[in-house]
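**Q** The structure follows.
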Amino acid sequence: MQNENYVALLGTKGGPAIRPGSTMPTSSLLSLAGRQIVIDCGLGVTRGLVDQGVQLRDLSLIFITHLHSDHYLELGPLIHTAWTAGLQSRIDVWGPEGLDAYWDSFLASMKADIDLRIEDEGRPNLREMVRLHTIDEGTVIEGPDLKVKAIRTIHPPLVDCFAFSFEAAGRRVVFSGDTAYMPALAEFARGADLLVHEAMLESAIPALLARIGYDNEKLKEHLFRSHTCAADAARTATDAKVLRLALHHLLPSDDPDYTQQHWRDAVAPHWDGMLHVGTDGMRIDLD
Ligand SMILES: [Zn+2]
Ligand SMILES: [Zn+2]
């Protein structure tokens, strides 16, 4: 199982709040050429990885697209849990500027427990096991068996929000990160085996705003300025000539009036390739 090439969508809802019946915020697992790469660490990432059969002590590479809580709230708990699950080697975490402050504060908040486990259980020093790297646009990793690139997306008011391209074993997978419709993403994703794109179902947004029920105009403006309608995600996939399109970070994600078929109908006029409308735990085979 360790050598299969696949993407598992661990959490597929857009936004941080969960309610009874909700799916979970954003996190994904990319298993490529024997490597297991975590992309975003929204609430539920640890459970999601274990459900995929991942041994947390084997984690070594984590990427965070941006500093909205639905993408990094569980980063510290994931790494801490991997440590208690027997982690012995280094974890490299790549993310935007400011992630180091989160990590330092997480370590400080758990000082009592971390000191105790080092002292009492003889565990290695967690503080020395995690290396944080600040991402900018361009090449992130240029290794013989893994290439990672990043570009900035359109996700105001944030500036440091990134899309990632991962390439290994002759396969390439692109994650859009959170973004408004961005034609330049098609160039970035050109010819990829899979594009995992965030998506919003335009026809369902009025009902979503009505349910939330506060300052609708402001939230509506935020949604359309910072996120992508399913039809535009489909356009990007077609322009990029990717092999498969997966939608995640779904808005809405928990409205029973809107089903897989609504998403498929929104995409159909603009994309006729393989489509995966994300559900938590969905595996997309890359072989
Ligand atoms: Zn988000
Ligand atoms: Zn965001």
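The values are calculated or read from the model by the stated rules, or taken from the named source; none is laboratory data. Since this is a predicted model, take the numbers as computed values, not measurements. So basically every Cβ, Gly included, is an ideal-geometry build from the backbone, and we count neighbours across all protein chains shown. Quick note on the areas: whole protein, heavy atoms, side chains included, nothing else; ligands and nucleic acids left out. Shrake-Rupley method; radii C 1.70, N 1.55, O 1.52, S 1.80 Å.
**Q** Within 15 Å of ligand 2 (Cβ to nearest atom), more than 20 Å from residue 101 (Cβ to Cβ) and open to solvent by less than 10 Å² (accessible area, probe 1.4 Å): is that true of residue 64 in this structure?
**A** No.
**Q** Moving to a separate point now. Quick one: which residue in 17, 33 is more than 16 Å from ligand 2 (Cβ to nearest atom) and either open to solvent by less than 10 Å² (accessible area, probe 1.4 Å) or farther than 23 Å from residue 114 by Cα (or both)?
**A** That would be 33, the only listed residue that is more than 16 Å from ligand 2 (Cβ to nearest atom) and either open to solvent by less than 10 Å² (accessible area, probe 1.4 Å) or farther than 23 Å from residue 114 by Cα (or both).
**Q** Filter segment 174-187 down to the residues that are outside any loop (DSSP other than H, G, I, E, B), surrounded by 20 or more Cβ atoms within 10 Å (Cβ to Cβ) and in contact with a helix residue (DSSP H, G or I) (Cβ under 8 Å, 6 or more places away or on another chain) and list them by number.
**A** 174, 185
**Q** Taking residue 106 and the conditions (1) open to solvent by 60 Å² or more (accessible area, probe 1.4 Å); (2) part of a helix (DSSP H, G or I), which numbered condition does it fall short on, given that it satisfies the others?
**A** Condition not satisfied by residue 106: (1).
**Q** Anything in segment 148-162 that is open to solvent by less than 30 Å² (accessible area, probe 1.4 Å) and out of contact with any His (no Cβ under 9 Å at 6 or more places or on another chain)? List them, or say none.
**A** 148, 150
**Q** Can I ask one more? Determine whether segment 115-123 contains at least one residue that is open to solvent by 10 Å² or more (accessible area, probe 1.4 Å), within 30 Å of residue 17 (Cβ to Cβ) and not in a loop (DSSP other than H, G, I, E, B).
**A** No, because not a single residue in segment 115-123 is open to solvent by 10 Å² or more (accessible area, probe 1.4 Å), within 30 Å of residue 17 (Cβ to Cβ) and not in a loop (DSSP other than H, G, I, E, B).
**Q** Follow-up question, since we're still on this one. Residue 44 versus (1) crowded, with 24+ Cβ neighbours inside 10 Å; (2) away from ligand 2 (no atom under 15 Å from the Cβ): which is the lone unmet condition?
**A** (1)
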